[in-house]
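Chemist: Provided herewith is a single structure, encoded as structure tokens, for subsequent inquiry.
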Protein chains: 2
Amino acid sequence: MTLTDDDRRFLDLAIEQAQIGWDEGGVPIGSVLVRDGEVLAVGRNRRFQMDSAIRHGETDCIENAGRLPARVYRESVLYTTLSPCYMCAGTAVMYEIPRIVIGENRNFQASEDWLRSFGKEIVVADDPGCRALMEKMLAERPELWAEDIGEEA
Amino acid sequence: MTLTDDDRRFLDLAIEQAQIGWDEGGVPIGSVLVRDGEVLAVGRNRRFQMDSAIRHGETDCIENAGRLPARVYRESVLYTTLSPCYMCAGTAVMYEIPRIVIGENRNFQASEDWLRSFGKEIVVADDPGCRALMEKMLAERPELWAEDIGEEA
């Protein structure tokens, strides 16, 4: 799917976050929340870094954005380097974020049809950089990845 | 629906957390994660207390439980004083928590059918104490409640 120039720029920012997460020893998934071309927050999976069970890329980003009124989420776009798990998808549903741009969904995909059922616009970039990060993750840190998505290692 | 003695005990613990949250100035929703009759963690909504967008009762509880292997969640019960929003429901789906005991769903209900579609056992206590806490919330802190579930105040 074709990205706009803005989409490309914000997805690259999410990839930068994912790379930081990998370099920290964590799960390389990054996220950015944007409204009207303005970055509200960036975030990255911090399971390893914060010993967290709920800081996925998207939830960390939304947490970093702070307390926002409902209307802000409803005018925002959520960028994520990997297709969201149900926790993160559920967060986007609860806050009614209308558009989600996904770096890739070959290495993980669970919630996209469900998100579409709420009328959300789902854009999948199938980005080689996002895929490469997750392929490295699956090859080199498979147990951390299994833990991160609630799967048996 | 009839609760077991254990259910009653753990729901009371969740109510205690909700009351603490109310007394702190926050949203009175509490949660407990239990495996084999053992409390793994308690939690409460801490939007107000931590300026958090993702610390609902259930997610706070799961965060407090720390990093757990997948099999622990799959043998656990999640108690919550109020029917879960999609963020919290999605977290239970992602971690494959098989049973959820809900204090009440008259003041909020979104995800129960969806949770059942994954084969989860959903028990609704319709507990007067849980209802009273949420009725006080809706009457006295309606704007905080709207913010908490991504609704326009």
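The values are calculated or read from the model by the stated rules, or taken from the named source; none is laboratory data. Only a predicted model underlies this, so the values are computations on that prediction, with no experimental measurement involved. Methodologically, a virtual Cβ is constructed for each residue, glycine included, from the backbone with ideal geometry; neighbour enumeration extends over all protein chains shown. Protein only, heavy atoms only, side chains kept; ligands, DNA and RNA dropped before computing areas. Shrake-Rupley method; radii C 1.70, N 1.55, O 1.52, S 1.80 Å.
Chemist: Check which residues have an amide H placed less than 5 Å from A:VAL124's amide H, if you skip close sequence neighbours.
Modeler: A:ILE102
Chemist: Rank these by accessible area, largest first, 1.4 Å probe: A:VAL27, B:VAL77.
Modeler: Descending accessible area places them as B:VAL77, A:VAL27.
Chemist: Using a label point 7 angstrom from Cα along Cα-to-C-beta, what distances in nm, from shortest up, separate B:GLY37 from the other copies?
Modeler: From this label point to the equivalent ones elsewhere in the assembly: 6.4 nm.
Chemist: While we're looking at this one, here's another question. Within 10 Å of each Cβ in B:114-121, how many Cβ atoms from other chains are there, averaged over the peptide?
Modeler: 1
Chemist: Could you please point out the chain B residue with its Cβ nearest to the axis of the rotation taking chain B onto chain A, and the distance in whole angstrom?
Modeler: Per the B/A rotation axis, the closest residue of B reads B:GLY90, 1.
Chemist: Label B:ARG71 and B:LEU138 with points 7 Å out from Cα along Cα→Cβ: what is the distance between them in nm?
Modeler: Inter-label distance under the simple model: 4.4 nm.
Chemist: Every other copy gets compared here: list the nm distances from the B:LEU138 label point (7 Å along Cα to Cβ) to its counterparts, shortest first, one decimal.
Modeler: 4.6
Chemist: A follow-up question, please. Over the protein assembly as shown, what is the percentage of antiparallel beta bridges among all DSSP beta bridges, to the nearest 5?
Modeler: If I count the DSSP bridges inside the protein assembly as shown, around 55 percent turn out antiparallel.
Chemist: Can you pull out the GluC sites (Glu not before Pro) in region B:104-143 that DSSP calls coil and that have at most 13 other Cβ atoms within 10 Å?
Modeler: Values: sites: B:GLU104, B:GLU112, B:GLU121, B:GLU135, B:GLU140, B:GLU143; in loops: none.
When the GluC sites (Glu not before Pro) of region B:104-143 are filtered for loop state and at most 13 Cβ neighbours within 10 Å, nothing remains.
Chemist: Starting from the Cα of A:ARG9, step 7 Å along the direction of its Cβ; do the same at A:GLU152; then give the gap between the two resulting points in nm.
Modeler: So the label points at A:ARG9 and A:GLU152 sit 4.8 nm apart.
Chemist: I'd like the accessible area for A:PHE118: 1.4 Å probe, protein heavy atoms, all chains in place, Å² to the nearest 10.
Modeler: Near enough 90 Å² of accessible area.
Chemist: Sum -39500 (n - 2.57) across every DSSP H segment of at least 4 residues in chain A, then divide by the residue count to get the 222 nm mean residue ellipticity, nearest 500.
Modeler: On the way: 8 runs with 69 residues, N = 153.
The helix-only estimate for chain A comes to -12500 deg cm²/dmol at 222 nm.
Chemist: Okay, moving on. Per Stokes-Einstein, at 10 °C and 1.306 mPa s, what whole-number D in µm² s⁻¹ belongs to chain B, with the Kirkwood radius over Cα pairs as the hydrodynamic radius? Could you put the intermediate results ahead of the total?
Modeler: On the way: Rh = 15.0 Å.
For these conditions, the coefficient is 106 µm²/s.
Chemist: Which whole-percent values make up P(r) of region A:57-103 when all C-alpha to C-alpha distances are grouped in 10 Å steps starting at zero?
Modeler: Answer for region A:57-103: a P(r) of 28, 64, 8 percent.
Chemist: Beyond 32 Å, what share of the Cα-Cα pairs of the protein assembly as shown is found? Please give it as a whole percent. List each step's numbers first, then the result.
Modeler: Values: 10582 of 46665 pairs.
Of all Cα-Cα distances in the protein assembly as shown, 23 percent exceed 32 Å.
Chemist: Any idea what the A:VAL124 label distances to the other copies are, label 7 Å down the Cα→Cβ vector, nm, shortest first?
Modeler: Listed shortest first, these distances are 3.5 nm.
Chemist: Under 1.5 on a/c is rounded, so check that first for region B:106-153, then, if it is not, pick prolate when a/b is larger than b/c and oblate when it is not; a ≥ b ≥ c are the square roots of the alpha carbon gyration tensor eigenvalues.
Modeler: The shape class here is oblate.
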